[in-house]
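The values are calculated or read from the model by the stated rules, or taken from the named source; none is laboratory data. Please read these numbers as outputs of a predicted model, since none were measured by experiment. When we count neighbours, we look across all protein chains shown, and the Cβ atoms used for this are built from the backbone with ideal geometry, even at glycine.
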Amino acid sequence: MTWIPLGPTLVTNPRVFGYTRVARANENGAQCAVLGIAVHPADPHNIVVVTRRVGGSSAFRTLDDGHSWTAIADSLTQADPQLDLACAAVHPQLADVVYLGARAGQRVFVSTDGGRTWPLQRNPGGKATRLVVDRASGADWHTATLYAATDTGVATSTNGGDTWSMATIGEVTSLAV
């Protein structure tokens, strides 16, 4: 593999035709920053990324090692263009349960169908910057234990993200469980 420096400017013409980068509409040459990556612990082909590019943030999912990507957060960002997605997590036992955290809007979104719909949206008590699902969470997503690093502390949920309580006070930017 040979690395080619692309510089700090936007990529307008891909060097290899047919190469597709992760972007809101999967267009060629769109440059973005990856803010968060979540890999399913039992299926490393199942990956969710949160990205930011000019025009906003979004999230994408692949089930084939990144050969193809599906936008999973367009409905969220279309409903709220100011939404600032920052992080993602995947339930350790349920591959289709995906969590997204947002700074602007201070919400955690829960999808039980791989990101096609987002029926559960709750405020963890601050701007979510990292999400972790406890590996000991059972096979029922309603009882999953979640941790959210926020600008106001670590928030915890023991019911799949339905309700949250603050465990510590003060800005937290990283989590490990």
Residue hits (the stretch 74-90; in contact with a helix residue (DSSP H, G or I) (Cβ under 9 Å, 6 or more places away or on another chain) and surrounded by 24 or more Cβ atoms within 10 Å (Cβ to Cβ)) are Leu85
Note on the stretch 100-127: residues of a type outside the set (A, V, I, L, M), buried (at least 19 other Cβ atoms within 10 Å of the Cβ) and farther than 15 Å from Thr163 by Cα are Arg103, Ser111, Gly115, Trp118, Lys127
Determine if the stretch 104-127 includes at least one residue that is within 25 Å of Glu171 (Cβ to Cβ), among the charged types (D, E, K, R) and not in a strand (DSSP E or B). yes
From the option list Ala144, Ala95, Ala139, single residue qualifying as in contact (Cβ under 8 Å) with a residue 40 or more places away in the chain and surrounded by 20 or more Cβ atoms within 10 Å (Cβ to Cβ) is Ala144
Right, Leu10: modelled with pLDDT under 90 and in a loop (DSSP other than H, G, I, E, B) or not?
-> yes
Only one of (1) among the hydrophobic types (A, V, I, L, M, F, W, C); (2) more than 17 Å from the chain's Cα centre (by Cα); (3) surrounded by 18 or more Cβ atoms within 10 Å (Cβ to Cβ); (4) within 20 Å of Pro41 (Cα to Cα) does not apply to Val177, and that is (3)
Restricted to the stretch 152-165 and to residues being out of contact with any Ser or Thr (no Cβ under 7 Å at 6 or more places or on another chain) and over 18 Å from Ala38 (Cβ atoms), the residue surrounded by the fewest Cβ atoms within 10 Å (Cβ to Cβ) is Asp162
